[in-house]
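Data block below; observations after.
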Amino acid sequence: MDVGQFVELVLVRLETAILVYFLLVNGWYLLLLVSAGYEMREYVLLARGRARWRLMGSRAAPSISMLAPAYNEAATISESVRGLLALYYPNLEVVVVNDGSRDETVQVLMDTFDLAPIHPIYQKRIRSKDIVGLYRSRLHPNLVVVDKVNGGKADALNAGLNLATGDLVCAIDADTLIEADSLQRMVGPFLHRNDVVAAGGTIRIANGSIVENGRVTQARAPRALIPGCQVVEYLRAFLFGRLGWNRLGGNLIISGAFGLFDRQAMMTAGGYEHDTVGEDMEIALRLRRAGYETKGPHQIAFVPDPVAWTEAPESRRVLGRQRDRWHRGLADVLWRHRGVMFNPRYGTMGMVVYPYFVIVELMAPIVEFIGLLGLVLGLAMGAINLPFAILFFLVAYGLGAVMTLMTLVMEEMSFQRYDTFTDRALLVLWALLENVGYRQLTVFWRLQGIWKYLRGSKSWGAMERKGFAAAVKK
Amino acid sequence: MDPVQLVRSVLLIEIIAFAGALAVFFGHAVVSNARERRWAVATARGRRALMEVVRTGRPTKADEALLRGLPTRLKVRLFTELIPSISGQGRAQLGALAREIGLVPVAERLARSRSWRDRLLGVRLLATIGGGLDIVPALLDDGHSGVRAEAVEWAGEHPTPEIVERLVGLLPATDCYGRFVVRDTLLRLRAATIGPLVRYLETHDGAAAEPALDVAAGIAHPAFSAVALRLCHDPDAPVRARAAALAGAIGSEEAMGVLQRMVHDDDAGVRAAAAAALGRLGHWPSAAVIAPLLRDRAWIVRSQGALALRGLGSPGHLYLRRGLTDEDPFAADISRQVLDLPESSAERERW
C-alpha cells in the first residue's frame with residue numbers, strides 16, 4: 001500500500017467514524033426532542049390555569065432572596081433594582097452586591113432607595129472578599145445592599161449568599177430583564193417535588209423586542225443576522241436541549257442569568273467556585289453531585305416558561321469571546337468533575353448526562369471540524385464521492401434546521417410570544433440561515449475555547465453591550 | 001441500498017418534515033388568531049353578563065341564553081378568570097350559574113375521565129366553580145401528582161370535617177403532594193384545621209409529626225399547647241426544635257419550664273429554637289438560663305441566644321453587656337454584634 005492509498009483509507013475510515021458519531025448524536029437529539037415535546041405538553045397542561053394567586057397569599061410559600069451582583073452599573077442600577085422589587089412574589093428579599101464598582105453605583109443606590117447602614121447578625125460561612133458596608137433601604141425594607149471589595153461575579157454572589165436569609169436564592173446577572181411573575185413559575189418544582197435542589201428557566205434574547213420599564217412587553221425577532229441566529233439558537237438550546245433532559249436524567253446547566261437554588265444546599269456546597277469561568281455550570285454540577293453523595297435532593301428542574309431576557313452580543317468579535325469563554329468553562333467544569341463520568345454512584349447523571357456533555361457538547365466542534373477538513377481533503381483526493389458528500393452535507397445541516405423549526409413549533413403551540421407574521425417569518429429565516437456560516441463560526445470559536453483552555457487561559461474577556469435603550473418604547 | 005440513494009431518501013424525509021413543521025407553525029398561528037378574533041365579541045359580552053350576575057345576583061334571560069350558547073372552552077375561560085378574584089355571595093351566585101348552564105356536569109364528567117389530562121382540567125374547574133363532592137375526594141389518591149394536588153386545592157374549598165381530617169393525614173406524604181399544597185390549604189382553613197391537627201399530633205411523633213408541627217406553628221392556637229409539650233421530648237431533634245418553636249408561639253407557664261430545660265439539649269438546632277422561643281415570649285426570668293448560650297460552640301445557638309437576650313429587655317441587655325468582656329471571644333463578638341443593632345424605638349419602627 002503506498003502513501004496515497006493509506007491516506008485515502010484513513011480518510012474513508014475517518015468519514016465512517018464521523019458518520020457513526022453523526023448518527024448517534026442526532027439520534028440522541030431526536031430523543032431529546034421527543035422528550036421535550038412530551039414534557040412541554042405536560043407542563044402547559046399543569047401550569048396553564050393553575051391558580052398562582054394561592055402562592056401570592058400563602059404563608060407556606062418559601063422565602064426567596066434575589067442575589068444581584070453589580071459592577072459599574074451606576075447608569076442602570078436604579079431601574080434594575082426597581083424591577084426586582086416589583087416582582088410578584090410574597091416573601092422576597094433583594095440583595096444587591098456592589099462588587100467594588102469604580103463608578104457611583106453605591107451612591108446612586110443610596111440616593112434612590114434611602115439606604116441606612118445596618119449591622120445584621122450573619123455567619124460568614126463562605127469565603128469572599130472583605131465587605132466594607134451593609135445597608136438596608138428605608139423605603140423598601142426588603143432591599144439589602146452589600147458593598148464589598150472587587151472579587152468578581154462568583155465572589156459577589158458568595159458574599160450575597162452569606163447575607164441572604166431566604167429558603168431559596170435566585171442568582172441573576174445585573175443586566176437580565178426578568179418577567180414579573182417569573183419567581184412564581186420558577187418556584188414550582190420546589191413546591192411540588194422533593195428531589196429538586198435547583199431550577200432554571202428559559203432565557204430569551206431581548207434584542208429587537210419592546211422594553212418598557214425594565215420589562216419586555218412585546219417580543220420581536222431581531223432584524224440583524226447575528227442576534228437573529230442567537231434567538232433561534234437560544235430557543236433550541238432551552239426548549240429542547242434543556243427541557244428534554246427533564247425526563248432523561250436531569251440538567252447539568254443552569255444559566256448564570258437566572259437560576260433558583262436551595263440556599264442550604266448552596267451553603268453546604270461552599271457557594272460559587274472563584275477559579276473558573278463556568279461558575280454557573282460548576283455549582284449546578286457540584287450541587288447534583290453532593291445530592292447523590294448524601295442521598296439528598298439532586299435534581300435540577302427546568303421550567304420552559306420564558307422567565308428572563310438578556311441582551312445578546314451583536315458583533316462577531318464579542319460573540320466570539322462569549323462562545324470561547326463558554327466552551328472553556330464547559331471544558332474546565334467537566335475536567336474538575338471527571339470522576340462523575342460513567343460512575344454508577346451518580347445514577348443517570350453519571351451514566352448518561354455527563355457522558356453526553358463530554359461526547360456531544362464538548363467534543364462536537366472537534367468532530368465537526370475534523371469532518372469538514374476530512375471532507376475537503378477527501379474530495380480533493382477523490383476519496384469521497386462528490387454527490388454523496390453534497391447530499392450528506394445537506395442532510396446534516398438540514399436536520400439542524402428541522403430541529404430548530406420543531407422548537408419554533410413548540411414555542412408557537414405553548415407560549416406564542418412572537419405574535420406577528422413578520423416575526424414568525426423572520427424566525428424561520430434565521431433557523432435556515434443559522435446553518436450557513438453562523439454555525440461554522442461557533443465551531444471555530446468553540447475550538448478556540450478548547451485551545452485556550454488547554455493553554456490555561458481563565459480570562460473572561462470584555463462583554464460590550466449596547467443596552468436596551470435602542471429597543472425601549474418611550 | 002446505495003449510500004447516495006439512502007442519503008437522498010433521508011433528505012426527502014427531512015424536506016417533508018420541514019414542510020410539515022412549517023405548516024403547523026403558521027397554521028397554528030392562523031387558527032388561534034382567527035379563533036381569538038371570532039371570540040372577541042362573545043368574550044366581552046360574556047364578561048359583562050357575569051359581572052351583571054355578581055352585581056344583581058341573577059342573569060337576564062338574554063344573558064343566560066348567551067352564556068349557554070358559548071363554546072365550552074370559552075365558558076371555562078370566562079368563569080376561571082373571574083371567580084378566583086371574587087368571594088362570598090358573588091362567588092356562590094357564579095357557581096350556581098355555572099351549574100345552571102351545564103358547566104358543573106361538564107367538569108364532573110371530565111373529572112371521571114380515564115385520561116389524567118381531563119381529570120386535571122375537571123378538578124381544577126370544580127375547585128373554581130364548586131361541585132364534585134361525590135367525585136373529587138377519591139382523586140386525592142389519584143395516580144397523577146398534578147391531579148392529586150388539584151384535588152387538595154379543591155378540598156380547601158370544601159372543608160367538611162372528614163375532608164380536613166383526610167388532608168391532615170396527607171401532611172407527611174410530601175413525596176406524593178409536594179411540600180406546599182397540603183400545608184397551604186390547611187393554613188388557609190385555619191380554624192377548621194385545629195381539631196383534626198391536635199388529634200393527629202396526639203397520635204403521631206417522629207418524622208410524621210414534623211410537617212404537622214409547622215402548620216400548627218403557623219396557626220399558633222392554645223389548643224396545641226399540650227401536644228407541643230409532649231413533642232418537646234420526642235427522640236427526633238428536628239421534631240423537638242419544631243415543638244419548641246410551637247410552644248414559643250403559644251406560650252404558657254408550663255412551656256417556660258420545658259423550654260428552659262431544652263436550652264441544654266444535645267442538638268444545636270433544638271437549643272437555638274428553645275432560646276428563640278423564650279426570647280419571643282419575652283420571659284425575662286429566663287435571661288440567666290439563656291446567657292450561657294453566648295459561649296455555645298454552634299454559631300446558630302450563640303446568635304439565637306444573643307437575639308433572645310435582646311428580646312428580654314433590660315435583664316437580657318445586662319447579660320449581653322457582661323458578654324462584651326467575656327473571656328470567650330465568640331461570646332464577646334456575638335454580644336457586640338447584637339448590642340450594635342438599632343436600639344431606639346424610632347429605629348425599630350423603621351425596620
Problem set entry | Total charge dipole magnitude, chain A, about the Cα centre, Cβ charges on Lys, Arg, Asp, Glu only, Debye to nearest 20 | 540 debye
Exercise. Considering amide H positions built from the backbone, and no H for Pro or chain starts, which residues 5 or more places from residue A:136, or on another chain, come under 5 Å of its amide H?
Worked result: A:116, A:118, A:145
Seminar exercise, completed: Listing B:170, B:231, B:6 by rising number of other beta-carbon atoms within 10 angstrom, fewest first, gives B:6, B:170, B:231
For this session: With a Förster radius of 41 Å, plug the Cβ-Cβ distance of residue B:19 and residue B:47 into 1/(1 + (r/R0)^6) and report the FRET value to the nearest 0.05.
Result: 0.55
Exercise. Does region A:1-154 classify as rounded, prolate or oblate by the C-alpha gyration tensor (a ≥ b ≥ c root eigenvalues; a/c under 1.5 gives rounded; else a/b over b/c gives prolate, otherwise oblate)?
Worked result: oblate
Exercise. Size of the protein assembly as shown along its principal axes in angstrom, Cα-based, largest extent first?
Worked result: 97, 79, 54
Seminar exercise, completed: Here FRET efficiency (C-beta to C-beta, residue B:318 to residue A:47, R₀ 45 Å, nearest 0.05) is 0.20
Seminar exercise, completed: In the structure shown, of A:129/A:458; A:129/A:153; A:295/A:458; A:124/A:148, the pairs separated by more than 22 angstrom at the C-alpha atoms are A:295/A:458
Problem set entry | Virtual spin-label span in nm between residue B:199 and residue B:12, 7 Å along Cα→Cβ | 7.1 nm
Problem set entry | Value of relative contact order over chain A, rounded to a whole percent, pairs C-alpha under 8 Å and six or more apart | 18 percent
For this session: Would you kindly calculate the mean projected area, averaged across all directions, of the convex hull enclosing the Cα atoms of chain A, in square nanometres?
Result: 23.8 nm²
Exercise. By its C-alpha gyration tensor, with a ≥ b ≥ c as the square roots of the eigenvalues, how is region A:102-145 shaped: rounded for a/c under 1.5, else prolate for a/b larger than b/c, else oblate?
Worked result: oblate
For this session: Please give the helix A:225-236 orientation as an angle from the longest Cα principal axis of chain A, in degrees from 0 to 90, rounded to the nearest 10.
Result: 80 degrees
For this session: Run through the DSSP bridge list for the protein assembly as shown and note the antiparallel percent, rounded to the nearest 5.
Result: 45 percent
Seminar exercise, completed: For region A:332-444, whose charge dipole is built from +1 on Lys and Arg Cβ atoms and -1 on Asp and Glu Cβ atoms, the candidate among A:416, A:430, A:379 with its Cα farthest towards the positive end is A:379
Seminar exercise, completed: Tilt, helix A:364-381 to longest principal axis of chain A (alpha-carbon atoms), in degrees rounded to tens, equals 20 degrees
Exercise. Where in chain B are the DSSP H helices whose C-alpha atoms run 30 Å or more along the long axis and whose mean Kyte hydropathy is at least -1.0?
Worked result: B:3-56
Exercise. For B:194, A:210, what's the fewest-to-most ordering of other Cβ within 10 Å of each Cβ?
Worked result: A:210, B:194
Problem set entry | trypsin sites (Lys or Arg not before Pro) within region B:154-201: DSSP coil, no more than 15 neighbouring Cβ in 10 Å | B:190
For this session: Would you mind computing, in nm to one decimal, how far apart the modelled labels at residue A:224 and residue B:109 are, each placed 7 Å from Cα along Cα→Cβ?
Result: 5.6 nm
Exercise. Other chains near A:43-49: what is the mean number of their Cβ atoms within 10 Å of each residue's Cβ?
Worked result: 4
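So what's Rg/Rh here for region B:111-155, counting alpha carbon atoms and using the Kirkwood radius for Rh?
Across region B:111-155, the Cα-based Rg/Rh ratio is 0.89.
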Problem set entry | Charge tally in the Cβ shell below 9 Å around residue A:100, where Lys, Arg are +1 and Asp, Glu are -1, residue A:100 excluded | +1
Problem set entry | Semi-axis lengths (Å, descending) of the ellipsoid that matches the C-alpha gyration tensor of region B:117-192 | 17, 15, 10
Problem set entry | Efficiency of FRET from Cβ geometry, residue B:173 and residue A:317, R₀ 51 Å, rounded to 0.05 | 0.35
For this session: Could you tell me whether region A:159-260 comes out rounded, prolate or oblate from its Cα gyration tensor? Rule is a ≥ b ≥ c as square roots of the eigenvalues, rounded for a/c under 1.5, then prolate if a/b exceeds b/c, otherwise oblate.
Result: oblate
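Exposure proxy check: A:255, A:414, B:115 ranked by fewest other beta carbons within 10 Å? Walk me through the intermediate numbers first.
Working: A:255 24, A:414 17, B:115 11.
Taking fewest neighbouring Cβ atoms as first place, the list is B:115, A:414, A:255.
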For this session: Using a 10 Å cut-off on Cβ to Cβ distances, tally the other chain neighbours for every residue of A:387-400 and report the average as a whole number.
Result: 4
For this session: Compare the Cα positions of B:163, B:116, B:206 along the charge dipole of chain B (+1 at Cβ of Lys, Arg; -1 at Cβ of Asp, Glu; about the Cα centre) and return the one farthest towards the positive end.
Result: B:116
Exercise. What net charge is computed for the residues neighbouring residue B:273, neighbours being all others with C-beta under 12 Å from the C-beta of residue B:273, Lys and Arg scored +1, Asp and Glu -1?
Worked result: +2
Exercise. In whole Å, what three semi-axes, largest first, describe the equivalent ellipsoid of region B:181-279 built from its Cα gyration tensor (square root of 5 times each eigenvalue)?
Worked result: 21, 13, 11
Exercise. Convex hull over the alpha-carbon atoms of chain B: what's its volume per residue in Å³?
Worked result: 270 Å³
Exercise. Amide H to amide H under 5 Å from residue A:211: which residues, 5+ apart in sequence or cross-chain, H placed 1.01 Å off N in plane?
Worked result: A:217, A:472, A:473
Seminar exercise, completed: With x for Gly and Pro, the residue-by-residue ³J(HN,Hα) of region A:91-106, computed from phi through the Karplus equation 6.51 cos²θ - 1.76 cosθ + 1.60 at θ = phi - 60° and given in whole Hz, is 10, 10, 10, 10, 10, 9, 10, 7, 8, x, 4, 8, 9, 9, 3, 5
Problem set entry | Kirkwood estimate for region A:319-386, i.e. one over the average of 1/r between Cα atoms, Å | 14.0 Å
Exercise. How much net charge surrounds residue B:207 when only the other residues with a Cβ under 13 Å from the Cβ of residue B:207 are counted, with Lys and Arg +1 and Asp and Glu -1?
Worked result: -4
Exercise. Taking every residue in A:418-428, how many Cβ atoms of other protein chains lie within 10 Å of its Cβ, on average?
Worked result: 2
Exercise. If one takes the longest principal axis of the Cα atoms in chain A, at what angle in degrees, from 0 to 90 and to the nearest 10, does the Cα axis of helix A:3-47 lie?
Worked result: 40 degrees
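FYI, it's all coordinate maths here, none of it is from the lab. Quick caveat: nothing in here was measured; it's all calculated off a predicted structure. Virtual Cβ from ideal backbone geometry, glycine too; neighbours counted across all protein chains shown.
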